[in-house]
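One structure is given below, encoded as structure tokens.
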Amino acid sequence: MISSEVRDLLIDKMSIVSQPGKKDICIVGPINLPVQLEQEVVHFHWYTWLVLEESISKAEILDSLVAYDLASLQQSSVLVYGDIKNAENALVRMHSICHTGDIFGSKRCDCGYQLTQSMKMIVENKCGAIFYIANHEGRGIGLFSKSLAYLLQQEGYDTVEANHLLGFNDDSRSYEEAIRVIQSLRSKPVTLITNNPKKLAALKEAGLTADEHIPLWGGETDFNKFYLETKVRKSGHIAEKETISTLI
């Protein structure tokens, strides 16, 4: 049993977001997180969140923590830099978890590159947030299914075809939880870091207050060139040359 002193300390850093007809979300933070970004240590504010299966109090969440077996599941989090509530211009990256690219440095995708570059862009902008969304692996099909899709890609199928052959949609990701969390942290519009205008439109339709998007290209290798080309041909991403002209 958690002591009353420890419970009070933790409850002070917890908040519950409620919305009619939807499950409550418990948000924990801010937590100071010093991050080594190239030659500099940058201090971010880190938040995590948990979707609650039933409406319970913060104290009840803490008392049930051991029984949840959260290590067998995945939780999402958000890394915040600067005054996210009041800053006029905040950059936001909705980053889908990529076990192979983000952790192992795989060159089959550009995910690891985009994650690091987004952090740099946000620090340079003096304000922003990176959502690391845990149930987005393989565009929402999960790590095990993604490994099967990779086997198909090794046989010449592109990433969209591989997902379809396994019975999945091209993209099964949902951003509802992330939008509810950013709305709890900020009411002003944000600028989304993404190469996909369709993603911005979908997020705005789902309730994200966003003015525009900033493309992010780079990290191309011989191993991911076909993957990046498929994003442009089939997933609506703008081409790199258009990105360059947009930023000039």
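Numbers for the structure displayed
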read-out	value
Net charge contributed by nearby residues that have their C-beta within less than 12 Å of ILE182 (K/R +1, D/E -1)	+3
Ordering of 125-136, 31-42 by burial proxy (mean other Cβ atoms within 10 Å per residue, highest first)	125-136, 31-42
Fully extended contour minus Cα-Cα distance, from GLU155 to ALA71, at 0.36 nm per residue	26.8 nm
Amide hydrogen neighbours beyond the local backbone of VAL35, cut-off 5 Å, H modeled	VAL42, HIS43, PHE44
When the chain is reduced to its Cα atoms, the Kirkwood hydrodynamic radius in Å	19.5
Whole-angstrom gap from the stretch 98-123 to the stretch 132-147, using each part's C-alpha centre	15
Charge dipole magnitude, Cβ of K and R +1, D and E -1 - the chain, Cα centre, debye nearest 20	400
Sparse-neighbourhood loop sites, GluC sites (Glu not before Pro) in the stretch 101-157 - DSSP loop, at most 15 other Cβ within 10 angstrom	GLU155
Kirkwood Rh, Cα atoms: Rg over Rh of the stretch 21-133	1.01
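Values in this text are rule-based calculations from the coordinates and carry no lab data. On a predicted model such as this, the values are computed, not experimentally measured, just so you know. Neighbour counts run over all protein chains shown; Cβ positions are idealised from the backbone, glycine included.
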